[in-house]
1. Please turn the phi angles of segment B:319-326 into ³J(HN,Hα) values with the Karplus equation 6.51 cos²θ - 1.76 cosθ + 1.60 (θ = phi - 60°), one per residue in order, whole Hz, x for glycine and proline.
2. Calculate how many DSSP beta bridges within the protein assembly as shown are antiparallel, expressed in % of all such bridges and rounded to the nearest 5.
3. Between residue B:263 and residue B:291, take the C-beta separation as r, use R0 = 22 Å, and let me know the FRET efficiency to the nearest 0.05.
4. Taking chain A as a Gaussian network, Cα atoms linked when under 10 Å apart, which of A:155, A:207, A:264 shows the biggest mean-square fluctuation?
5. Quick one: which residues, 5+ away or cross-chain, put their amide H under 5 Å from the amide H of residue A:298? H built at 1.01 Å from N.
6. For segment A:86-102, in order, what is each residue's ³J(HN,Hα) by Karplus, 6.51 cos²θ - 1.76 cosθ + 1.60 with θ = phi - 60°, in whole Hz (x at glycine and Pro)?
7. Once the label point is set 7 Å along the Cα-to-beta-carbon vector, what list of distances in nm do you get between residue A:349 and its counterparts in the other copies?
8. Whole angstrom only: what separates the Cα centroid of segment B:149-164 from the Cα centroid of segment A:161-219?
2 protein chains.
Amino acid sequence: MYEAYWRGMGDRCSLVISGSEVMSYLGGNPGGACWFLEPELEKSIRRIHHLVGNAAAQAEDGGHVVVGTGSTQLLQAALYALCPPDQPEPTSVVCAAPYYSCYKEIAELLQSKLYKWEGDAHNFNKDGPFIEIVTSPNNPDGLIREPVVNRPNGKLIYDLAYYWPHHTPITHKADYDIMLFTFSKCTGHAGSRIGWAIVKDKEVAAKMTKFMEVTTIGVSRESQLRAAKLLGIICDDCQAFSTNTKSQNFFDDSKRLLTERWDKLHEVVKRSETFSLAKFPKDYCLFSDRFYETHPAFAWLISNNKVKDCASLLRGHKILTRSGNRFGADATYVRVSMLGREEEFNLFLERLSTIKIGICNGIAHIN
Amino acid sequence: MYEAYWRGMGDRCSLVISGSEVMSYLGGNPGGACWFLEPELEKSIRRIHHLVGNAAAQAEDGGHVVVGTGSTQLLQAALYALCPPDQPEPTSVVCAAPYYSCYKEIAELLQSKLYKWEGDAHNFNKDGPFIEIVTSPNNPDGLIREPVVNRPNGKLIYDLAYYWPHHTPITHKADYDIMLFTFSKCTGHAGSRIGWAIVKDKEVAAKMTKFMEVTTIGVSRESQLRAAKLLGIICDDCQAFSTNTKSQNFFDDSKRLLTERWDKLHEVVKRSETFSLAKFPKDYCLFSDRFYETHPAFAWLISNNKVKDCASLLRGHKILTRSGNRFGADATYVRVSMLGREEEFNLFLERLSTIKIGICNGIAHIN
């Protein structure tokens, strides 16, 4: 979706690296909390959070920046850092349903004795230490989230991947112990696999860094330099935008596109009567100085006729979605990406609008 | 060490990526065994193995290419793929000592129930399934290795990171079930974090791919494109070299440098009488059409006077090494990198040559 924006930016955004540059494991940050973090990336990360106002990430806020191969690796690093190695039982890991399907996969992959996936935080009633992942805005449903367990012995990981002004109003400067962000959801550069964590505790930051050191010996330096450059350009343009109304601003441009898409989707959904979508309340955005509503990266559709396997129904209409049961919800829900290319999105709307369902003896009849 | 070579290659080796290129998770390989592998990288990998003759990696050899964030991630992916999830006991993981210190760290990091580090393969005498890692040439000691357990229920992972003609004669085309390679040890680009596996079994390749998908949702596309380009240029130059004696060849140039360094180190070690180094036998290299000996990336020094903590002794002389006990050997050994920058290497030789030790009542006297 963001490709056209970046194409319009031309050569200014090109990354050029000669064959002899960034060869060694080590960048210029040997004394920092994260030895493989490129100093230019750290600078761009602190700068963009300062400018957007979405997270307390300045040196004076006391947060350490840790870079990872996407925020996916950082989530594992955080689990590793927060789970003591010598507990009789694995630490429980929970997240309020519907939750991002990958959390479960990550936590269960290696059958670690350090932690154990316990599913929906709403149903969590074990004693003992736990970690709650708070995703806000939430993936898949776009809602603003708070912790739900609220008991002693708990540690929180905030996944703020979507807390950017093109997706949602920036209502406050997030200031939590561990906050995860990703280049992918900020600018659209998913292929770079760059994520970062802002971590208050130096020892936790060091343990997370150790995790990346053992599992991948750092993070691609080429990708770090590209992220540094593109985040820096967004900052430059936002600053120019505030003084020059003709200049472009990535967040405003992207929000405009997302708003158009959401308006179109709401229109199709309303007409079809087959599915429903949540309505998001409007809120005041401190970055944009305007009221607007959340425009998530995903649509969380629910079947009005309680079709038992919504994803199969849609697959039959050549619409690829992820079933609700992968998110700890039921299969009457599906998650659909809102960030595809223009032609893909239009095709999705077109196909969605042709679906009409009647229920007869509990079996969905698909027309 | 290789920086000067790549500097000499100029703009030909520069990677240029515009802001709108390689944005999505997916490259052009959706139907392949590894969906996030860049087709250009696969092509360069197959080409360089064909040219060097060090591994059976052509499509007709039946091997699948899987890319990872360094071979470190691929090793974990291989452990995941080879260990059934439903065994009563974790699968044993062994490697003949001295072994690469990171294997132990990787296998123990998350206290997985899938596998368990059991140390030196020479001492392994458990029944039940096991995985033996065969590193050849070996890190830290540079020796050519074969499996040592040789019992039923065993699976092998070959770590061939150093099986390239600048390090060792290419005596045969390796053709094993799982072979790991890394861009870092081939060309010197450690910061790119690119490794690859050649995997015979399609299902194992798919499980390894799944591991990368869950843990990092693929591998940096910028780094993959850079690796594709530089490996391709090495191939172009090797092919030009065979017809034009004036052109440069990365492997010959690097071998010349490594040979010079090893000659200098042998000279210093011989004169100092404080340490010893193994001598490597000469062998015929099918790639270079010449006899020569292995020139490992590391020197594996042993104290002649049985100094109990060789790494501390050397640290006292401002020489940073990794102690033998991290490799399953004892602390009378140390591993030293041979691949540092020219000035670092010369400083190392200079400092090493000043060390004289006498033993008095079992205590090493350091002068």
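FYI, it's all coordinate maths here, none of it is from the lab. These numbers were taken from a predicted model, which means no experiment stands behind them. Cβ placement follows ideal geometry from the backbone for every residue including glycine, while neighbour counts extend to all protein chains displayed.
1. 10, 8, 9, 10, 5, x, 5, 7
2. Numbers: 60 of 95 bridges.
Of all bridge pairs located within the protein assembly as shown, approximately 65 percent are antiparallel.
3. Here the calculated transfer efficiency is 0.85.
4. A:264
5. A:338
6. The phi angles translate into 10, 7, x, 10, x, 5, 6, 10, 9, 7, 5, 6, x, 10, 4, 4, 6 Hz.
7. 7.0
8. The distance from the Cα centre of segment B:149-164 to that of segment A:161-219 comes to 37 Å.
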